[in-house]
1. Could you work out how much longer the chain between residue 19 and residue 47 gets when fully extended? Use 0.36 nm per residue separation minus the Cα distance between them, nm to one decimal.
2. Estimate the FRET efficiency between residue 12 and residue 54 by the formula 1/(1 + (r/R0)^6), using the beta-carbon distance for r and 22 Å for R0, to the nearest 0.05.
3. Please order 55, 26 by the number of other Cβ within 10 Å, starting at the fewest.
4. Calculate the dipole size of segment 2-53 relative to its Cα centre from +1 charges on Lys and Arg beta carbons and -1 charges on Asp and Glu beta carbons; express the result in debye to the nearest 20.
5. Just from its helices, what would the mean residue ellipticity at 222 nm be for the chain, if runs of 4 or more DSSP H residues each count -39500 (n - 2.57) and the sum is divided by every residue, rounded to the nearest 500 deg cm²/dmol?
6. Under the rule a/c < 1.5 gives rounded, and otherwise a/b versus b/c splits prolate from oblate, where does the chain land using the Cα gyration tensor?
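FYI, it's all coordinate maths here, none of it is from the lab. Just so we're clear, the structure is a prediction, and the values are computed from it rather than from any experiment. Positions of Cβ are backbone-derived with ideal geometry, glycine not excepted, and every protein chain shown enters the neighbour counts.
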Amino acid sequence: MNRKGIEFTVLQVEPDLWKWQFQIGEKVVTGHTQTRLQGMAAHSAQKRIDSELKEPRALTR
């Protein structure tokens, strides 16, 4: 799946429990969402991607 150019995955690890993961640069972010619906788990991942993209990044020189 893709959100704002960031690829992410959503996998069911047990009934009603989903694991999602994405990478921005060198940073890998994972999380879990408890829901029956894959779409709701994907929504959680998308919200986290939005949050990560809003974070100010340190300037490197």
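1. Numbers: separation 28, 0.36 × 28 = 10.08 nm, distance 1.43 nm.
Taking residue 19 through residue 47 to full extension adds about 8.7 nm, to one decimal.
2. Working: r = 28 Å, r/R0 = 1.29.
Computed FRET efficiency for residue 12 and residue 54: 0.20.
3. Values: 55 8, 26 5.
Sorted ascending by nearby Cβ count, the order is 26, 55.
4. Details: 7 positive and 6 negative charges, 24 e Å.
Roughly 120 debye for segment 2-53.
5. Using -39500 (n - 2.57) per qualifying helix, the result is -9500 deg cm²/dmol.
6. Numbers: a/c = 2.69, a/b = 2.41, b/c = 1.12.
In terms of gyration-tensor shape, prolate.
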